[in-house]
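My structure is below; once you've seen it, I'll send some questions.
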Amino acid sequence: MEPMNQTSPPLIESPCVLNCCLDEQEICMGCGRSLDEILGWWDADEEARRIIVRNAQQRKSK
C-alpha cells in the first residue's frame with residue numbers, strides 16, 4: 001500500500017511589496033498592514049494571516 005500524500009497547503013504569503021513606509025497611524029503605505037500585523041506575521045497561523053491580508057486590503061482600498 002502506497003503512503004498517502006499528506007502535503008498541507010502553503011501558508012499565506014506575505015503581502016509585503018517592499019515599499020515599507022509607515023504613516024501616522026503606523027500603517028504600512030506599501031502593503032496596508034499595521035505595525036503589529038507586520039511584526040506578528042511570522043508567528044501567525046494561516047487563518048490569522050488571511051485576516052491580516054483581508055484587513056490590509058480593506059485599508060488600502062480606502
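Read-outs throughout are calculated quantities, based only on the coordinates presented, and are distinct from any laboratory measurement. Model, not experiment: these values are computed from the prediction. All Cβ positions, glycine included, derive from the backbone under ideal geometry; neighbour counts span all protein chains shown.
Provide the gained length on full extension for the span Glu46 to Lys60, in nm with one decimal, where the gain is 0.36 nm per separating residue minus the Cα-Cα distance.
2.9 nm
If we count other beta carbons within 10 Å of each Cβ, what is the order of Asp36, Asp43, fewest first? Display every interim value, and only then the final one.
Working: Asp36 10, Asp43 7.
Final ranking by Cβ density, sparse to dense: Asp43, Asp36.
I've got another one for you. Can you tell me the alpha carbon radius of gyration of segment 18-62 divided by the globular rule-of-thumb value 2.2 N^0.38 Å?
1.07
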